[in-house]
Each structure stands twice: as C-alpha cells, then as structure tokens.
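What follows is one structure encoded as structure tokens, with my remarks underneath.
The values are calculated or read from the model by the stated rules, or taken from the named source; none is laboratory data. The shown structure was predicted, so the numbers you read here are calculated from the model rather than taken from an experiment. Backbone-built Cβ (ideal geometry, glycine too); neighbour counts: all protein chains shown. Note: areas computed on protein heavy atoms with side chains; ligands, DNA, RNA excluded. Shrake-Rupley method; radii C 1.70, N 1.55, O 1.52, S 1.80 Å.
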Amino acid sequence: MARPIPLFEGLAILAIASAAGAQQPAGAEVKPVKIGIVTFLSGAAAGPFGVPARNGAELLVEAINAGSLPPPYATKGFGGAPLSLAFIDEAGGTTKQVSEYRDLVQRQNVDVVVGYISSGDCLAVAPVAEELKKLTVLFDCGSPRIFEDASYQYVFRTDAHAAMDSVGAALYVTELKPGLKKIAGINQNYAWGQDSWNDFESAIKALKPAVETTTSQMPKLLSGQYGAEISALLSGDPDVVHSSFWDGDLEAFVLQAAPRGVFAKSTVILTAGETAMARLGAQIPDGTVIGARGPHGVYAPDNQLNRWLRKAFFDRYGVAATYPAYHMAQALLGLKTAYEKAGSGAGQEKVIAALEGSSFETPSGTIRMALAKGHQAIEETVYGTTKTVKGQVTVVNVKRYPAEVVNPPEGMKTQDWIKASLKRTK
Amino acid sequence: MRAPDRTEKIALLGLFALLAGGAFLPQWALFLVTLALAKGLVVLSLLLLMRTGLVSFGHGLYYCLGAYAAGMVGQLLHVGDAAVMLLVALAVSCAVALIVGLLLASYRGIFFAMLSLAFSMILYGLLVKSAALGSTDGFNITVTAAAGASLSSASRRYLLFALSASFAAMAAVGMHRFLGSHLGRLAPAVRDNELRVEYLGASVRRVVYLNTIIAAALTGLAGALTALVVGHIDPEMAYWTTSGEFVFVAILSGTASVLAPFLGSLLFELLRSFAYQYSPNTWQMVVGAAMLLVIMFLPTGLWAVFGRRGKRVA
C-alpha cells in the first residue's frame with residue numbers, strides 16, 4: 001500500500017536543499033536548479049506508480065545534493081548547483097495538467113520539468129513544452145506515439161517506450177514454448193491495455209504466423225471482478241495468456257484466476273507484474289512470467305548504483321524500489337550527466353545539446369538516447385519466471401534482450417517495425 | 001422597488017477590461033483566465049437548467065462532443081482554422097441535443113440528472129473503445145489560423161483569450177435577455193409549478209426542450225474552446241467527474257446572476273491551481289473545504305456576497 005503522505009519529508013528536503021544553497025559563499029555564480037516533479041499523488045495510479053516515483057525523486061535529489069551517490073555521480077548537485085523540488089499531482093486529467101504545467105514553468109519558474117506517468121498527459125504536455133521552450137523530461141509514460149507522431153526540441157523521454165514490453169514478452173514466450181499454438185489476452189480497456197495487447201499479438205504473429213488468438217478480453221479499468229473473463233480464457237484452452245494488468249486489478253486477477261486453474265493450464269505472462277510482486281509474494285503461482293518494463297526492480301543489473309538505490313530506498317521507505325523509482329532515477333541521472341557535460345552555468349540550450357543522443361549510467365544499466373533524433377531512450381528488457389523458494393517469490397530462467405532487439409530502429413514506426421521486420425531482427 | 005439592472009453594463013465593461021488587461025497578464029494567468037471563461041460558459045448553461053429546476057450530471061456529453069468535433073475537423077479534414085472548428089462543434093452539439101433532448105424533456109429531478117449522465121457515459125465508452133482516436137490518451141489539436149488568417153503562437157494565445165472573453169460576454173448578455181423575456185421567464189415557472197404553466201397555456205415540455213438545446217449549444221462551444229486552448233482532448237471530458245465538477249462550480253457560483261458562473265469559474269480555477277502548487281498531496285481537501293464553507297455560509301452561492309451589498313445600497 002501507498003505510505004501516508006510524508007509531507008514533513010518533502011519539507012526536510014527543501015530545507016536541506018536551501019541549506020545547501022546557503023552554504024555557497026555570497027555572490028557565487030552557481031544558481032540552484034529548480035526541478036518540477038509531476039507524478040500521481042492521488043487516485044488509482046498513485047500507489048503503484050506515482051508514490052514510488054515521488055519517493056525515488058526525493059531520495060535521489062537528497063543524495064545528489066549531499067554528493068553521496070556512488071560514482072560516477074559522487075559530485076554535489078548538478079555541476080555544483082544544488083537542486084530544489086516542486087511537486088505537482090498528476091491527477092485530474094489533461095486539461096488540468098496542461099494548466100499546471102504552465103503554472104509550474106511560468107509561475108514557479110522551474111528550470112526543468114520531470115514527470116508524467118500517463119501517456120495522455122505526455123501527449124498533451126509535449127507541445128506546450130515546445131511552445132514555452134522549457135526542457136521537459138518524460139520519465140515513465142509508455143506510448144510510442146509521443147515521438148512517432150511528432151518531433152520535439154525541448155522534450156525528452158528517458159525510459160524506453162512500451163512496445164519493448166510487448167516485443168520482449170513475445171520473444172520470451174516463443175522461446176519458452178516452441179510449440180506455441182494458441183494465445184489469449186486479458187487487458188484493461190484503455191490506451192495502455194489496448195496498445196499492449198495489439199503489440200503483443202502482432203509481435204507473436206510476426207514471429208509465428210500460425211499462432212491463433214482464442215480470445216482477447218478487455219474488461220474496464222479497475223473493475224475488480226473477472227469471473228466471466230476467466231471463463232472465456234479457460235474455454236479457449238490457450239498455451240499463453242497475456243496481461244498488462246497492474247496493481248489492484250492485477251492482484252484481483254491473480255487471486256481469482258489461480259484457484260480456477262488459469263495458471264496451471266496456461267503460461268500466464270504479466271508484463272507489469274513486478275509492481276505487484278512484493279504484495280502478492282508467494283500467491284503468484286510458480287511458472288508465471290513476470291516483466292518490469294525494463295531492467296528494473298528484481299531485474300536490475302548488479303551494479304554499484306543499483307545496490308545503493310535498492311538499499312537506500314528500502315531503508316527509508318520500508319518497501320522495495322519498483323520500476324517507477326528506477327525510471328525516475330534514469331531521468332534525474334540523465335539530467336545530471338547533461339548539466340555537467342554542458343558545464344556549470346550553461347544555458348538550457350547547451351543542456352539540451354548535451355542530453356541529445358547521450359548515454360549515461362543508471363541503476364538499470366546504461367541508457368542511450370538513441371531514437372527520435374536523440375530524444376527517446378532505449379534500454380534492454382528482461383523477463384523471467386517465478387519460483388517460490390522458502391515462501392519467497394524469486395525469478396528464474398531470466399532472459400535479457402538487448403535494446404536494439406526490442407526497440408525499433410531510428411525513423412521507423414513501432415507498428416510497421418513489428419509487422420515488417422521483427423522476424424529478421426530475431 | 002428593484003435596483004436598476006446593471007448586468008449588461010457590467011458584462012460589457014468586464015469584456016473591455018479583460019481585452020485591455022489581457023495584453024498585460026502573465027502567460028500562465030492568461031491561460032487560466034481563458035480556461036475559466038470557457039468553463040464559465042458551461043456553468044452558465046447549468047444556471048439556465050437550474051433555473052428551470054433541472055440538474056444535469058451529463059454536461060460532459062456536449063463538452064466532449066464539442067471538443068471532439070473540433071478535433072476531428074483538424075484530424076480528418078486537416079483544417080486548423082479556429083472559426084471552422086467552433087462552428088462545427090456548435091452544429092454537432094446542437095444536432096445531438098435535438099435528438100437527446102426529445103427523450104430528456106420527459107424527465108425531471110434525479111431522473112433527468114441520471115439519464116443525462118448515462119448519455120455522457122455512452123460517449124465516454126465509445127471513445128475509450130476507439131483506438132483510432134487514441135482511446136484514453138486522446139490526441140492533440142493545433143490551431144493554425146482564424147477565419148483564414150494564419151497565426152503565430154503569441155497571437156494565437158491572445159486570440160483564444162479574446163474569443164473566450166467575447167463569447168462569455170455575449171453569452172452572459174444573451175442569457176440575461178433571454179431570462180428576462182417571456183420565454184425565459186417560463187423557466188422558473190416550470191421549476192415552481194408545472195401544472196400552473198400548462199394551465200396558463202404554455203408547453204412545459206417545449207420549455208425544457210428548448211433550454212436543454214440552448215445549454216447544449218453553450219457547452220459544445222465551451223468544449224471546443226477548451227480543446228483549442230489546451231491543445232489536447234481525451235475521453236475524460238465526457239466522464240462523469242468532469243460533469244460533476246461543472247455542477248460543483250455551478251453550486252459554488254449560485255444562480256442569482258448570469259455573471260456569477262464566470263466569477264465562480266475563475267475563483268475555482270485559481271483556488272485549484274494554487275492548491276495544486278501549495279499542497280500537492282492534499283489539494284482535494286482544500287477544494288472540498290472551500291465547497292463546505294460556501295454551502296455553510298453562502299447557501300445561495302458566491303454571488304450572495306454581491307447581492308447583499310446591492311440590497312444595502314438600494
């Protein structure tokens with residue numbers, strides 16, 4: 001569950017940030033960098049995504065200001081400039097978010113905006129960022145449309161787009177089940193669920209044209225009861241059941257589908273399963289394929305940054321860091337790299353030039369800004385299968401897919417790429 | 001004796017003040033005022049319904065229809081002209097209201113509210129299922145011209161602001177005259193006693209039908225304006241929480257004056273925006289507390305503040 005709101009912690013960070021600012025000798029030229037952070041602080045997406053991301057931002061910014069991150073980020077601030085944060089709730093829909101974005105940039109005068117979990121918000125905010133000429137880093141939203149339908153100078157996305165999750169899932173299950181004949185899906189009836197299923201289905205059909213779809217169930221978001229859908233899944237006798245469910249819906253589905261034998265009969269692949277792993281634990285049946293939208297959480301590589309994040313996050317918040325926190329770290333570390341490459345006191349244009357096409361180290365490994373003229377990141381993706389060991393859920397048979405294999409090449413639209421050349425890439 | 005009616009004068013003075021002052025407003029405030037005026041149109045249309053004794057929880061239907069009509073003009077016909085977009089939006093929302101209104105006009109009270117809500121949720125459901133329109137993510141709208149003349153980004157901002165202000169003033173004056181006319185005066189009569197209205201020889205059904213269509217036209221126009229100002233639309237505009245927010249602002253404003261919706265809408269946008277900034281984790285509580293205070297101390301809405309003073313002066 002989401003922790004109650006630690007307002008005092010936010011204040012503490014601001015205090016630390018301002019104290020760090022106060023330590024600069026009077027008249028020093030390093031101006032603090034003010035970052036506007038937008039994530040869900042209320043509503044259904046706050047618990048699984050918004051709050052871990054917010055916590056990740058607090059933790060990272062505090063460590064960056066103190067200079068206590070492991071190398072290569074052991075220097076203080078962004079090239080010596082201390083950071084301060086302004087938080088905005090992402091709830092309320094795109095009209096409000098566009099309004100809040102303008103306020104953040106023009107009333108609160110932030111230097112850079114990092115935010116947006118909902119793809120709708122990303123789509124809505126990107127043209128406004130362009131209009132206001134403000135460096136904006138989208139940290140979590142998934143839709144490939146953002147950079148495939150338009151081109152931006154001031155907007156970046158430091159996480160890979162969602163096609164990677166579906167393509168990776170298709171590669172994993174076709175390798176796991178060479179004799180795959182029938183697939184089925186249960187996904188939420190909104191953009192994320194629809195896109196996830198469409199990409200997965202077309203990727204499977206590109207890899208194995210003979211595979212047949214028994215059913216695609218699209219219950220509405222947050223419906224919680226899946227009796228009829230589970231019957232439909234069972235009756236088709238599919239080899240693989242695909243689901244991009246998250247949080248409450250995912251938990252409800254696992255708890256209702258497992259006793260009815262869906263997990264025993266078919267291999268179930270949960271592309272966003274990692275967000276519910278900690279809470280469901282051993283209730284996830286063995287042999288379930290779990291994804292984490294990239295090399296995050298349980299799939300994060302064993303590097304120094306990840307060891308630091310995992311420990312610091314758990315020590316402070318009492319829960320394991322999930323992928324939204326890793327995505328937030330990618331955005332902030334990408335910015336730190338760019339600010340430092342641009343040099344202290346450099347203008348926004350120089351920071352943008354430094355971020356374009358850059359690559360940087362994160363707790364999730366190396367991120368490369370390879371697509372959309374250097375504005376869209378690619379990263380590897382990872383899938384694994386659950387196995388309960390001494391009452392603890394672990395992942396085995398972990399497979400890592402390099403970024404180039406699961407992301408389209410520059411200049412190609414995701415849907416065209418999946419249909420036309422997925423076979424060749426493999 | 002009644003105090004002389006200065007509503008129209010205030011509306012026109014307000015318009016000139018806005019048009020002149022708009023040039024000096026910071027960009028964020030210009031955007032906020034533009035949005036508040038557009039949403040004020042929706043609240044004004046709710047005022048008309050409330051005067052008729054009706055509450056609609058489905059105004060999102062026309063709001064969203066107007067926005068999507070404007071968006072489709074851009075998406076399908078590749079026309080980026082604000083005038084065309086607004087006209088199409090107006091036509092589409094009126095056309096739908098002509099049909100939906102036939103059914104709605106037979107219902108009152110909670111049934112009217114729930115049936116209108118049902119229609120808006122049907123539209124929401126349809127849009128969510130339309131992958132070609134971006135499902136819940138929606139799509140972007142770009143205004144490139146107005147009545148044939150192409151626009152820069154700064155002139156577009158001011159134009160949309162001026163458009164919203166002019167529509168708001170025109171709608172306020174028009175609504176004020178309508179409410180004072182013979183037909184308009186039937187609205188409160190319908191609310192108070194339908195039987196008596198029928199005995200006096202007027203058709204209650206026709207009054208409700210007409211007012212539903214006027215309300216839909218204003219709301220559709222407001223939806224298109226919002227879409228042009230924000231630059232993005234999604235099915236959330238038809239969702240019941242959007243309609244609920246309009247009812248919230250209508251109650252906050254009160255139904256005493258046609259100017260109240262614009263004042264209420266502006267105050268609501270300001271309150272919400274600063275609540276987002278200063279208490280990002282608890283902004284809902286701030287907005288809720290404001291509502292509670294208004295209901296407790298100003299049960300007839302914010303306009304009561306002016307009404308009272310007006311009486312004392314008179």
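Give the residues of segment A:235-252 that are among the hydrophobic types (A, V, I, L, M, F, W, C) and either farther than 15 Å from A:I186 by Cβ or surrounded by fewer than 18 Cβ atoms within 10 Å (Cβ to Cβ) (or both), sorted by residue number. Steps first, answer last, please.
As a first pass, look at segment A:235-252 and keep what is among the hydrophobic types (A, V, I, L, M, F, W, C): A:240-241, A:245-246, A:250, A:252.
Matches in segment A:235-252: A:A252 only.
Scanning segment B:102-113 for any residue that is more than 14 Å from every other protein chain (Cβ to nearest Cβ), touching a Ser or Thr at 6+ places or on another chain (Cβ under 6 Å), open to solvent by less than 40 Å² (accessible area, probe 1.4 Å) and assigned to a helix (DSSP H, G or I) turns up at least one such residue. Listed conditions (1) crowded, with 21+ Cβ neighbours inside 10 Å; (2) modelled with pLDDT of 50 or more are all met by A:A17, apart from (2). Flag: B:I141 does not match the condition of being among the β-branched types (V, I, T), modelled with pLDDT of 90 or more and open to solvent by 60 Å² or more (accessible area, probe 1.4 Å).
Quick check on my filter: what residues within segment B:20-30 are open to solvent by 10 Å² or more (accessible area, probe 1.4 Å) and in contact (Cβ under 8 Å) with a residue 12 or more places away in the chain?
Pass one, segment B:20-30, residues open to solvent by 10 Å² or more (accessible area, probe 1.4 Å): B:20-21, B:23-30.
B:A23, B:Q27, B:L30, listed by residue number.
Note on segment A:267-280: residues that are under 16 Å from A:S235 (Cα atoms) and open to solvent by 10 Å² or more (accessible area, probe 1.4 Å) amount to 1. May I ask you to say which residue of B:A132, B:A189 is open to solvent by 50 Å² or more (accessible area, probe 1.4 Å) and in a helix (DSSP H, G or I)? The conditions single out B:A132.
Against the condition in a helix (DSSP H, G or I), away from chain A (no Cβ under 14 Å) and crowded, with 18+ Cβ neighbours inside 10 Å, how does B:L44 come out, does it pass?
Working: in a helix (DSSP H, G or I): yes; away from chain A (no Cβ under 14 Å): yes; crowded, with 18+ Cβ neighbours inside 10 Å: yes.
Taking the combined requirement at face value, the residue satisfies it.
Restricted to segment B:196-205, and to residues there that are assigned to a helix (DSSP H, G or I) and free of Cβ contacts under 8 Å to residues at least 24 places away in the same chain, the residue that is farthest from the chain's Cα centre (by Cα) is B:Y199.
When segment A:87-101 is limited to residues that are within 8 Å of chain B (Cβ to nearest Cβ) and open to solvent by less than 10 Å² (accessible area, probe 1.4 Å), the one that is nearest to A:G67 (Cα to Cα) turns out to be A:I88. Could you please let me know if A:S42 is within 8 Å of another protein chain (Cβ to nearest Cβ), closer than 22 Å to A:T322 by Cα, polar (S, T, N, Q) and within 16 Å of the chain's Cα centre (by Cα)? No, not satisfied. All conditions but one from (1) within 27 Å of B:G138 (Cα to Cα); (2) surrounded by fewer than 24 Cβ atoms within 10 Å (Cβ to Cβ); (3) among the polar types (S, T, N, Q) apply to A:T213; the one that does not is (1).
Number of residues in segment B:192-213 that are of a type in the set (A, V, I, L, M, F, W, C) and either touching a helix residue (DSSP H, G or I) at 6+ places or on another chain (Cβ under 6 Å) or open to solvent by less than 40 Å² (accessible area, probe 1.4 Å) (or both) equals 6.
When the criteria are applied in full, A:T414 meets the requirement of being open to solvent by less than 50 Å² (accessible area, probe 1.4 Å), within 20 Å of the chain's Cα centre (by Cα) and among the hydroxyl-bearing types (S, T, Y).
Residues in segment B:72-83 include none that are part of a helix (DSSP H, G or I), small (G, A, S) and closer than 28 Å to B:V55 by Cβ.
Every residue, every condition in (1) more than 14 Å from chain A (Cβ to nearest Cβ); (2) open to solvent by 50 Å² or more (accessible area, probe 1.4 Å); (3) not polar (S, T, N, Q), yes or no:
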residue: B:T7; (1), (2), (3): yes, no, no
residue: B:I10; (1), (2), (3): yes, yes, yes
residue: B:L15; (1), (2), (3): yes, no, yes
residue: B:L32; (1), (2), (3): no, no, yes
residue: B:L37; (1), (2), (3): no, no, yes
residue: B:F57; (1), (2), (3): yes, yes, yes
residue: B:L87; (1), (2), (3): yes, yes, yes
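Residues being of a type in the set (D, E, K, R), free of Cβ contacts under 8 Å to residues at least 40 places away in the same chain and within 14 Å of chain A (Cβ to nearest Cβ) are represented in segment B:224-245 by at least one member.
Whenever a residue of segment B:60-83 is open to solvent by 20 Å² or more (accessible area, probe 1.4 Å), its partners that are assigned to a loop (DSSP other than H, G, I, E, B), lying with C-beta atoms within less than 6 angstrom and at least six residues away or across chains, give the pairs B:G74/B:G80; B:G74/B:I141; B:A83/B:A147. Within segment B:144-184, the residues that satisfy the criterion of being open to solvent by 30 Å² or more (accessible area, probe 1.4 Å) and within 14 Å of chain A (Cβ to nearest Cβ) are B:T144, B:L151, B:S152, B:S153, B:A154, B:S155, B:R156, B:R157, B:Y158. Inside segment B:246-283, residues that are in contact (Cβ under 8 Å) with a residue 40 or more places away in the chain and either within 12 Å of chain A (Cβ to nearest Cβ) or of a type in the set (F, W, Y) (or both) make up a count of 7.
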